[in-house]
Amino acid sequence: MDNLTHALTGMVIAKTGLDRNQPKIAVRALWVSALFPDIDCVVQLFRSEEFIFYHRGFTHSLFGLPIFALLLGALFYAFSPSERHGPEGLTPPLRGDLLGKARGFLAARRLWYLSLLCALGLLSHIGLDLITSYGTLILAPFSDRRYFLDYVFIIDPIFTAIVGLPLLYGWWRGQRSEQLHRASLLLLLVYIGFCGLHRQIALNRVQEAALRLNPEVRRIDVLPQPLSPFRWTGLVETPTGSYQTWFGVYSSKPLQFQAFPYKANPYVRIANRLELIKLYHWFARYPIIHYKEMGNRHVVEYFDLRFNTALPGLGFRRYPFVMEVILDGRGRVLKQGFKRFHS
């Protein structure tokens, strides 16, 4: 999910009543922690070629969540002044050792309170990423499996509006409304369920069409498309290649599949043995290969059909995360790495 939606969701969670005692700190803690898992983007500064492989790793893991929650909670505890109406209330009128013990207890209570808020923010980030199709390593470092629900496109204006409009309304009216923000989260859950229902409808359509297309189907997936929960792309894997179709769930038109047959030649086999390409195959869900000759050079390109999306009615398409290997006539690798976005 995009960072704006992550931040807005964290703020909405805070304003459901969790900010009642410490309004400023609670909101800051939740929107910062809701953004924090994407701190792994700093990998781009040092290993830009391999960033997509490491994104949504340990910082997005359920095993990393308590560690980062305590870390963020401690940072907010250390650098944020306590608000007098915080969960510990006013310092009780005690003296001597009792006063010291009371302050220590209340300080610990405030630390756990801030850590809990940060845990909620982190959990919201993991949950929102999980419902997209990119893949999240929620069990890292004990498993390198990427989990995905394929319910919502990574940028969804409807999703963002559901969490953004209540915040905008509260700011415009200059008043807080816990009920409004709770209703916003409830509506968000309903929308996610709505998208999940349409995913199942889309999957049923593709399954029926795929069996007519090729009886030796290995795998079928449907992925959400931009701007609408009614637009989907269907992906089919067979022993001879992959197929893709784009459709509306309520359209009566028969599904039209585009074929992407598997390709193999000596240069493709050499490229497939490279460690970077093995890593790409681990990351990609529906990798396809494009081979071409450029003079005395041989170019092997890899692309994941998961990212083969188009804006409906505009005919505009971009192809991100294309891996390119260039070899000479003897099969020696001259270059390997990601190409820039191209359309």
(request) Sort out for me the Cα centre separation of the stretch 151-178 from the stretch 200-235, rounded to whole Å. (result) 31 Å
(request) Multiply the residue separation of LEU279 and GLU178 by 0.36 nm, subtract the distance between their alpha-carbon atoms, and state the gained length in nm to one decimal. (result) 31.7 nm
(request) Quick one: among PRO239, PRO226, PRO141, which has the greatest mean-square fluctuation in a GNM of the chain with alpha-carbon springs under 10 angstrom? (result) PRO239
(request) Between GLU216 and ASN296, take the C-beta separation as r, use R0 = 35 Å, and let me know the FRET efficiency to the nearest 0.05. (result) 0.35
(message) Considering all alpha-carbon pairs of the stretch 263-338, what whole percent are spaced by more than 22 angstrom?
(response) 27 percent
(request) Could you work out the local net charge near LEU128, counting Lys and Arg as +1, Asp and Glu as -1, over the other residues with Cβ closer than 14 Å to its Cβ? (result) -4
(request) Give me the net charge of GLN256's neighbourhood, meaning all other residues with Cβ under 13 Å from the Cβ of GLN256; Lys, Arg count +1, Asp, Glu -1. (result) +3
(message) Which lysines, if any, have their Cα less than 29 Å from the Cα of LYS24, not counting same-chain residues under 8 positions apart?
(response) LYS15, LYS101
(request) Could you go through the stretch 166-181 in sequence order and give the Karplus-derived ³J(HN,Hα) for each residue, using 6.51 cos²θ - 1.76 cosθ + 1.60 with θ = phi - 60°, rounded to whole Hz, and x for Gly and Pro? (result) x, 5, 5, 5, x, 5, 5, 7, x, 9, 9, 9, 4, 5, 5, 6
(request) Show that you can apply the helix-only estimate: for the chain, add -39,500 (n - 2.57) for every DSSP H stretch of four or more residues, divide by all residues, and state [θ] at 222 nm to the nearest 500. (result) -14500 deg cm²/dmol
(request) Arrange the peptides 227-237, 248-258 so that the one whose residues have, on average, the most other Cβ atoms within 10 Å appears first. (result) 227-237, 248-258
(request) Any lysines with Cα under 25 Å of the LYS335 Cα? List them, leaving off those in the same chain fewer than 8 positions away. (result) LYS263, LYS278, LYS292
(request) Calculate the dipole size of the stretch 1-74 relative to its Cα centre from +1 charges on Lys and Arg beta carbons and -1 charges on Asp and Glu beta carbons; express the result in debye to the nearest 20. (result) 400 debye
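No lab work stands behind these numbers, since they all come straight from the coordinates. Just so it is clear, the model here is predicted, and its values are computed rather than measured. A quick note on method: Cβ atoms are made from the backbone with ideal geometry, for glycine too, and the neighbour counts reach across all protein chains shown.
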